[in-house]
Amino acid sequence: MQRTVFFGSALLMLAAFGCETTGRVVDDTGVLTDDAPGRDAPLPMPTSLTYTPEGCGYEVTSPQVLDVEMGADVFGAAADPGHIHVSFVGPSHTSFAVNWHTDNDTHASSLLIGTDQALLDAADDAVTGVTRSEGHFMRFSSDPRGRNAETVHEVHVCGLTPSTTYYYRVGGAGHWSRSIEIVTAPAPGSVEPFMFGVTGDSRGNEEDSWTISQRRLRDRGIDFELFSGDAVVLGTLQPQWNDFFSARVTDFAVEDLIASRPLMMANGNHDALAVNYLAQFAFPQEMTPGEIGQGEEWYSFDYANAHFVFLNDTVEDSGVLGNEEANWLRADLGAVNRTTTPWIFVVHHRPLYTCQSTHSPDTSLRANWQPIFDEFHVDFVLAGHNHVYERSAPIFGIEGGQGMVASEDPSTGGPRITDGVPSGTVYMVAAGVGAPLYPVETSCPTSREGTSTRNYVVFEIEGRSLHMTAYDALTDDVLDELEYIK
């Protein structure tokens, strides 16, 4: 099942999950009223596109939008690519995807790539040492009558070599972006060291904390970033997405990180699975029963010796959480070979465990998902929604609806590892890089750390060793650390 999610559905989602109401907004300036221009115009017919990118072993399906076509060398007055960002769709060690934004008259959706930056900079088309890949463009609007349309482009590149530095440019002949570095992941099961960042709830970018967190992560040299949802206040308002992508502090722009290091996201209740969200990000697509987001509601990927799962906890039918989505989760985790892939991380938005901050812990998610996390010994569950930093004790099992604190390593406070298996799962909230901060407490039996601070988290993994550090996004002071070896 595919459909465009317009403003009505988005606002129903916001209301259903206890968030701020915003009015029946159709653009960045007004409210849809009975005398709105174009009210009686016929509704445009949405369309979608499915194809297999050259050299890739998977299909790509666009959301249903106003217009979607394979790119052609047609350029408008503002053809220069902007909002460039990369993500994983196919295998992380041999492929990546790129999205970017242009004016509505630009249809060129091409990418040049090679390992020699100088050669790439001199090329205007494919030459020896430079390959050209083609993608598609989408014209979309969150207004059901198609007003205030936006155009984004998407290209998938496959057949790359693991652990290799490439350079790419997007656009089309005569209108290429600057050259951008990207490094493919190590081969599956590799014990090469890698590092990733965790952020969430950037909406509003208060104190420039979203932008500053991205600069911190760039300077620390992360390989990719996980985001737990709520990028914007309302997912149907494109100007807010424009701010998300183009945010800048002095000489650093968010694009300086996310155009080079993949950004992987979970849908938050404010994102509302809007067409803006679906069109502007490319994530793994494997359509399963219960999904409406062309397979991007829940998905997983591997990076070296770790497995990452993204779930959607803001669904239209809550029955999906404990049925179709839970069934997919169990099957996905059951397919992981823990000998070669010892680490498992799950990312979603509304936390199962949080200590008396603005949003209570979600006991429905706890009942539906924690038994699966326990069964497959998930290492970390990363969430947002509460704009704070929190870390739980290791938790395994539920009694009377409450998680049971598992055995802790006395030297680290983290899980005790027995024969490579953690005693329990650590539940973390890492959010508030932009959204208003909430109060927090640490008096809950399951809580171990908590602070109402703009934060980001860095995980460093080398083989079976893991080190986690939480930082204050504004000062870069260390808030919390955890280390253990399997």
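The values are calculated or read from the model by the stated rules, or taken from the named source; none is laboratory data. Every value quoted in this text rests on a predicted model; they were computed, and no experiment measured them. Methodologically, a virtual Cβ is constructed for each residue, glycine included, from the backbone with ideal geometry; neighbour enumeration extends over all protein chains shown.
Name the single residue that is farthest from Val426 (Cα to Cα) among those in the range 437-450 being buried (at least 18 other Cβ atoms within 10 Å of the Cβ) and of a type in the set (Val, Ile, Thr).
Val440
The rows are residues; the columns are (1) touching a strand residue (DSSP E or B) at 6+ places or on another chain (Cβ under 9 Å); (2) under 26 Å from Val152 (Cβ atoms).
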| position | (1), (2) |
| --- | --- |
| Phe283 | yes, yes |
| Gly293 | no, yes |
| Ser300 | yes, yes |
| His307 | yes, no |
| Phe310 | yes, yes |
| Glu324 | no, no |
Open item on the list: Could you go through the range 205-224 and let me know if any residue there is touching an Asp or Glu at 6+ places or on another chain (Cβ under 9 Å), of a type in the set (Gly, Ala, Ser) and not in a strand (DSSP E or B).
Closed with: no
- [ ] Look through the range 126-156, keep the residues that are crowded, with 21+ Cβ neighbours inside 10 Å, polar (S, T, N, Q) and in a loop (DSSP other than H, G, I, E, B), and return whichever of them is modelled with the lowest pLDDT.
- [x] Ser142
Open item on the list: For a quick check of your reading: which strands (runs of 3 or more DSSP E) sit entirely within the range 408-486 and have at least 3 residues that are under 25 Å from Gln356 (Cβ atoms) and of a type outside the set (Phe, Trp, Tyr)?
Closed with: 426-430, 447-451, 465-472, 478-485
TODO: Test Gly414 against the stated conditions and say whether it is in the same structural domain as Val233 (by TED's automatic domain parsing), farther than 23 Å from Gly221 by Cβ and buried (at least 19 other Cβ atoms within 10 Å of the Cβ).
DONE: yes
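For the range 294-324, how many residues are of a type in the set (Asp, Glu), crowded, with 22+ Cβ neighbours inside 10 Å and touching a residue at least 40 places away in the same chain (Cβ under 8 Å)?
Step one: list which residues in the range 294-324 are of a type in the set (Asp, Glu), which gives 296-297, 302, 313, 316-317, 324.
Next, from what is left, pick out any that are crowded, with 22+ Cβ neighbours inside 10 Å: 296-297, 313.
Checking which are touching a residue at least 40 places away in the same chain (Cβ under 8 Å) leaves us with 313.
Within the range 294-324, residues that are of a type in the set (Asp, Glu), crowded, with 22+ Cβ neighbours inside 10 Å and touching a residue at least 40 places away in the same chain (Cβ under 8 Å) number 1.
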- [ ] Of the conditions (1) out of contact with any strand residue (DSSP E or B) (no Cβ under 6 Å at 6 or more places or on another chain); (2) in contact (Cβ under 8 Å) with a residue 12 or more places away in the chain, Ser360 clears all except one; give me its number.
- [x] (2)
Open item on the list: I need every pair where a residue in the range 232-248 that is over 19 Å from Arg139 (Cα atoms) and not assigned by TED's automatic domain parsing to the domain that holds Asp201 has its Cβ under 8 Å from the Cβ of a residue that is assigned to a helix (DSSP H, G or I) and β-branched (Val, Ile, Thr), sequence separation at least 6 or different chains.
Closed with: none
- [ ] Could you look through the range 271-293, keep only residues that are touching a helix residue (DSSP H, G or I) at 6+ places or on another chain (Cβ under 7 Å) and either in a loop (DSSP other than H, G, I, E, B) or among the acidic types (Asp, Glu) (or both), and pick out the one that is surrounded by the most Cβ atoms within 10 Å (Cβ to Cβ)?
- [x] Asp271
- [ ] Considering each of Leu333, Leu365 in turn, give the residue that is buried (at least 18 other Cβ atoms within 10 Å of the Cβ), in contact with an Asp or Glu (Cβ under 7 Å, 6 or more places away or on another chain) and modelled with pLDDT of 95 or more.
- [x] Leu365
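In this structure, is Ser163 within 30 Å of Val458 (Cβ to Cβ) and either buried (at least 17 other Cβ atoms within 10 Å of the Cβ) or not small (Gly, Ala, Ser) (or both)?
In short, no.
Just checking, which of Ala326, Ala331, Ala306 is within 15 Å of Met264 (Cα to Cα), of a type in the set (A, V, I, L, M, F, W, C) and over 14 Å from the mean Cα position of the chain (by Cα)? Lay out the reasoning, then the answer.
Values: Ala326 fails: within 15 Å of Met264 (Cα to Cα); Ala331 fails: within 15 Å of Met264 (Cα to Cα).
None of the others qualify; the one that does is Ala306.
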Open item on the list: Of everything in the range 111-142, what is touching a residue at least 40 places away in the same chain (Cβ under 8 Å) and in contact with a helix residue (DSSP H, G or I) (Cβ under 7 Å, 6 or more places away or on another chain)? Give them in sequence order.
Closed with: Leu112, Gly114, Met138, Phe140, Ser142
- [ ] Go through the range 300-389 and tell me which helices (runs of 4 or more DSSP H), entirely inside it, have 1 or more residues that are touching a Lys or Arg at 6+ places or on another chain (Cβ under 7 Å).
- [x] 363-375
